[in-house]
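> Quick one: structure below, then a few questions.
The values are calculated or read from the model by the stated rules, or taken from the named source; none is laboratory data. Everything quoted here is computed from the prediction, not taken from an experiment. For neighbour counting, all protein chains shown are included, and Cβ atoms are generated from backbone atoms with ideal geometry for every residue, glycine included. In case anyone asks, the SASA skips ligands and DNA or RNA and just uses the protein heavy atoms, side chains included. Shrake-Rupley method; radii C 1.70, N 1.55, O 1.52, S 1.80 Å.
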Amino acid sequence: MIHVSDPALRKIALEAAEQVTTDIGRIHTADFQEAICERLRRHKELFEATIPKAAAGMARDFGERRSPRRHRKTGGLYHPESILRLGNGIWVWMKDATPTDMTQWGRLSSRNTVQIITAEAERQRYVLDRTDAFRGHPSCERLGPLEEAVFHYQQGTLDDLAFDET
């Protein structure tokens, strides 16, 4: 669900990121988060819009912390207070999981693993290609100029990247 306030919140995040970016292009997340907080304090009208974002972050953290992990004592994954994420926004306490839930969790896990492996393979190919290009073009010390000179990058629209800043 996209709220009307989302573009305003993303603009605040972009401004905060630009503010804390060092002269060598680094963003330290602690500084970034503080800069976001600083801006949000100035925009009291957006406080209400931040509540769903905070709730989503807290729920995500809760789900990640409760995800089944191998236990040293038992060697198994089961813990009654763990949570299985079944997809489509449905979670189940592990102690209450049915055979169907277990099957769904296993399928989702397999699908996610394949997507992660595929994305990682693409990322590693990209890294290798750029690393080789850096070696072949020692005058390029940063990725921006390398992309333009070697891979002929041209700024296009940001639509396909889900950026809504213009």
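> Within 10 Å of each candidate Cβ there may be at most 12 other Cβ atoms; applying that plus a DSSP loop requirement, which trypsin sites (Lys or Arg not before Pro) in the range 1-62 survive?
R26
> To the nearest 10 square angstrom, how much accessible area does V114 have with a 1.4 angstrom probe?
90
> Also, I was wondering about something else. Among M102, T50, T74, whose Cα lies farthest out toward the positive end of the dipole of the chain, if unit charges sit on the beta carbon of Lys, Arg (+1) and Asp, Glu (-1)?
Looking along the dipole axis, the top candidate is T74.
> Now a separate question. Taking only DSSP H segments of four or more residues, each worth -39500 (n - 2.57), what value at 222 nm results for the chain once the sum is divided by all its residues, to the nearest 500 deg cm²/dmol?
Helix-only estimate at 222 nm: -19500 deg cm²/dmol.
> Ignoring everything but the protein chains, give the 1.4 Å probe accessible area of D31 in square angstrom, nearest 10.
The accessible area of D31 comes to roughly 80 Å².
> Now, a different point. Leaving out ligands, DNA and RNA, what percent of the accessible area of the chain is carbon and sulfur, probe 1.4 Å? Walk me through the intermediate numbers first.
Details: 7360 of 12950 Å².
About 57 percent, which is the carbon plus sulfur part of the accessible surface.
> Ok, one more. Which Cα, out of H152, T29, W91, lies furthest along the positive dipole direction of the chain (beta carbon charges, K/R +1, D/E -1)?
The residue sitting most towards the positive pole is W91.
> Which order do the peptides 116-128, 136-148 take when ranked by the mean count of other beta-carbon atoms within 10 Å per residue, highest first? Walk me through the intermediate numbers first.
Working: 116-128: 10.0, 136-148: 12.2.
Averaged packing, sorted descending, gives the order 136-148, 116-128.
> When every alpha-carbon pair in the range 24-166 is counted, what percent end up more than 24 Å apart? It would help to have the intermediate numbers written out before the result.
Numbers: 6280 of 10153 pairs.
Percentage above 24 Å: 62.
> For the range 33-166, with every protein chain kept in place, what is the accessible area per residue (1.4 Å probe, Å²)?
On the way: 10590 Å² over 134 residues.
I get 79 Å² per residue for the range 33-166.
> Placing +1 at every Lys and Arg Cβ and -1 at every Asp and Glu Cβ, with all other atoms neutral, what dipole size does the chain have around its Cα centre, in debye to the nearest 20?
Values: 24 positive and 25 negative charges, 224 e Å.
Charge dipole of the chain: 1080 debye, to the nearest 20.
> Let me ask something additional. Pop the C-beta distance of T29 and T98 into the FRET formula with R0 = 35 Å and round what comes out to the nearest 0.05.
Numbers: r = 39 Å, r/R0 = 1.12.
Once the sixth-power term is evaluated, E becomes 0.35.
> Between T22 and T131, what length comes free when the chain is fully extended (0.36 nm per residue of separation minus the Cα-Cα distance, one decimal in nm)? Before the final figure, lay out each step's value.
Details: separation 109, 0.36 × 109 = 39.24 nm, distance 2.32 nm.
Using 0.36 nm per residue and subtracting the Cα-Cα distance, I get 36.9 nm.
> How long is the gain from A121 to Y78 if the chain were fully straight, where each residue apart is worth 0.36 nm and the alpha carbon distance is subtracted? Write down the numbers at each step before the final one.
Values: separation 43, 0.36 × 43 = 15.48 nm, distance 3.10 nm.
That works out to 12.4 nm of additional length.
> For the pair A59 and D6, what calculated FRET efficiency results from E = 1/(1 + (r/R0)^6), where r is the Cβ-Cβ distance and R0 = 22 Å, to the nearest 0.05?
0.80
> Using a cut-off of 13 Å between alpha-carbon atoms, which aspartates and glutamates can reach K53, once sequence neighbours fewer than 8 places away in the same chain are excluded?
Within the straight-line limit of under 13 Å, K53 reaches these aspartates and glutamates: D6, D61.
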